[in-house]
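The structure appears right after this line, and notes come after that.
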């Protein structure tokens, strides 16, 4: 049975997926500051925007987000990576249930957000972009921290 129920999120919401760690062997990874510069550019056009859904595996990124007092960050309280562990090692730390549920929550929140900042070259961002496009957010924008990559 189909339902029109969607997750409730405060609006407007910007979703930011910061990918670091082992992804550095595939593409240039960007620091949180680069994502936040793009967030500030969006905020110039939409001054009422002050909420960010932060999606990252890195503890350092969550810790650094506290330096941006003008933004209200939302994220899942979960164990995070410290350093450059392999993704498989990180998922093993989370155990099966959390390593399944946590990505699903991140994916749904990013898909429902009003704006999205990610990284071209990231499969996860590709999936989020595709879901946003098919879910009616084609014109809402996708900003990328790395312009040298394409899907």
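Derivation of every value follows stated rules applied to the coordinates shown; laboratory data play no part. Predicted model, so just to flag it, every value in this text is computed and none were measured. Every residue, glycine as well, gets a Cβ built from its backbone with ideal geometry; the counts of neighbours run over all protein chains shown.
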First measure r as the distance between the Cβ atoms of residue 28 and residue 4, then evaluate 1/(1 + (r/R0)^6) with R0 = 35 Å and state the FRET efficiency to the nearest 0.05. 0.30
Quick check on the exposure proxy: order 82, 62 from fewest to most C-beta atoms within 10 angstrom. 82, 62
Cα gyration tensor of the range 46-88, axes a ≥ b ≥ c as square roots of the eigenvalues: rounded (a/c below 1.5), prolate (a/b > b/c) or oblate? prolate
Listed with the fewest Cβ neighbours within 10 Å leading, 56, 100 appear as 100, 56
Length-normalised contact order for the range 17-144 - Cα pairs under 8 Å, 6+ apart - percent: 26 percent
Applying a 10 Å radius around every beta-carbon, put 37-44, 126-133, 66-73 in order of their mean neighbour count, most first. 126-133, 37-44, 66-73
